[in-house]
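Quick note: the coordinates plus some simple rules give every number you see, no bench work behind them. From a predicted model like this one, the values you see are computed outputs, not experimental measurements. Using ideal geometry, Cβ is built from the backbone for each residue, glycine included, and neighbour counts are taken over all protein chains shown.
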Amino acid sequence: GDSVTQTEGLVTLTEGLPVMLNCTYQTAYSTFLFWYVQHLNEAPKLLLKSSTDNKRTEHQGFHATLHKSSSSFHLQKSSAQLSDSALYYCALSHGGSGNKLIFGTGTLLSVKP
Amino acid sequence: EAGVTQSPRYAVLQEGQAVSFWCDPISGHDTLYWYQQPRDQGPQLLVYFRDEAVIDNSQLPSDRFSAVRPKGTNSTLKIQSAKQGDTATYLCASSPLTGDTGQLYFGEGSKLTVL
């Protein structure tokens, strides 16, 4: 079955350092990959999405590239900010209207001064 | 545009009690999802609807959980005889008919604590 793996439960960084959160997935079908961000007591919100192999997608300073050869969609940012502290979820969908999202377990990013 | 609205935001129950959660999706979104998010875990799909029809409820504990969307707009998720293991945030999400990315729009969730 489909699955999404996020290996880091907690990532703690000092402000200004680069961010990299790992995401790998398994599926037998064509796929959309997503990063959702969830701040404390808020709804998960879409950060990035992609379905194109080897194309970098960017939003709000974050970027990710879908690599179908390695089934990966790692999230990166060149310089962490205190406001980036949040839960980050990688998720996959088979696209089309009304298809479900399958989430990873999430990575809590904690950025310290 | 109004987002997905859920109520109540918080609920505290004793084991064995019942609770209902209500969700109002974004206007025009035909698909509605209920996810369960236990503390420190990712959201896990319970059930989803297209209009009033259930598309997938395979992960819904059918003996105690039920969900309806009678007019294809608002939805109610009910838990009867709650257990401590039901402690979680219940997230409602919706998505539009058009578009092909599978992006979901989430509400802020209903946080349930079962004592």
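Would you mind working out the magnitude of the charge dipole of chain A relative to its Cα centre, with +1 at each Lys and Arg C-beta and -1 at each Asp and Glu C-beta, to the nearest 20 Debye? Show your work: numbers first, answer last.
On the way: 8 positive and 7 negative charges, 39 e Å.
Computed about the Cα centre, the dipole is about 180 debye.
Looking at region B:1-109, the GluC sites (Glu not before Pro) that sit in a DSSP loop and have at most 14 other Cβ atoms within 10 Å of their own Cβ are B:GLU1, B:GLU15, B:GLU52.
Over region B:5-98, Cα pairs under 8 Å with separation of 6+ residues give a relative contact order of 38 percent.
Say R0 is 25 Å: what FRET efficiency, to the nearest 0.05, do B:ASP63 and B:GLN41 get from their beta-carbon distance?
Calculated transfer efficiency: 0.70.
In a reduced charge model with +1 at each Lys and Arg Cβ and -1 at each Asp and Glu Cβ, chain B shows a dipole moment near 320 debye about its Cα centre. Loop only by DSSP, 11 or fewer other Cβ within 10 Å of the Cβ. Give me the trypsin sites (Lys or Arg not before Pro) in region B:36-115 that pass, ordered by residue number. Filter output for region B:36-115: B:ARG39, B:LYS71.
Neighbours of A:GLU58, meaning other residues whose beta-carbon lies under 13 angstrom from its beta-carbon, give a summed charge of +4 when Lys and Arg score +1 and Asp and Glu score -1.
Relative contact order for chain A: what is it in percent, counting Cα pairs under 8 Å that are at least 6 residues apart?
On the way: 284 pairs, mean separation 41.4, N = 113.
Contact order relative to length: 37 percent.
Working from label points 7 Å from Cα in the Cα-to-Cβ sense, the B:VAL54 to B:LYS83 distance is 1.9 nm. Evaluated with a Cβ-only charge set (Lys, Arg +1; Asp, Glu -1), region A:52-107 carries a dipole of roughly 120 debye about its Cα centre, given to the nearest 20.
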